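Take a look at the structure set out below.
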Amino acid sequence: MKILSWDCRGLRSPQAVRALLRLTHIENPQIVFLMETRLKATEFESIRIKMGFKNCLSVDCKGTGRERARGLSLMWMEHIHIVINSYSLNHIHGMCDDEESGVPWGLSCIYGFLEEQHKRKTWLLINSLARQVTGK
């Protein structure tokens, strides 16, 4: 299974969308995680359709106009089964059923806190998500 994670630094321009389409065409991932989309979830829908993904969870960016920041999106192909357990401005977390092995595995897509004083929160988030998967 091929997974692509990309900090796209905004998908509001046609050039950025074309770059994303070109990248996914070359790599042909089954799962794509995008950070810093700077889009609202409803705005991302047309990009999802262009990319040919059936399933998607997008987390709205914050701010308006030129002050937009953050925004996440997780897309996956129709034949993949992912159950989303939690999401925020900093993560999307779920369980994926592996068709080949039949063993489910945890998928944690993380976009860390940007401010230096909040870096510890990123590690706390990672530990919390790990405990959800392992039950420890």
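Bear in mind that the values in this text are calculations on the coordinates, not laboratory data. Small disclaimer: the values here were computed from a predicted structure and weren't measured. So basically every Cβ, Gly included, is an ideal-geometry build from the backbone, and we count neighbours across all protein chains shown.
Taking the mean number of other Cβ atoms within 10 Å as a proxy for protection, how do you rank 103-109, 65-71 from highest to lowest?
So the peptides 103-109, 65-71, ranked by packing, come out 103-109, 65-71.
Sequence gap of 8 or more, or different chains, plus Cα separation below 29 Å: how many lysine pairs satisfy both in region 3-134?
Close lysine pairs under the 29 Å cut-off: 9.
Counting other beta carbons within 10 Å of each residue's own, what order do Val32, Val83, Val133 fall into, fewest first?
Lowest count first: Val83, Val133, Val32.
So how strong a dipole does the chain carry about its Cα centre when Lys and Arg Cβ are +1 and Asp and Glu Cβ are -1, to the nearest 20 debye?
For this selection, approximately 560 debye.
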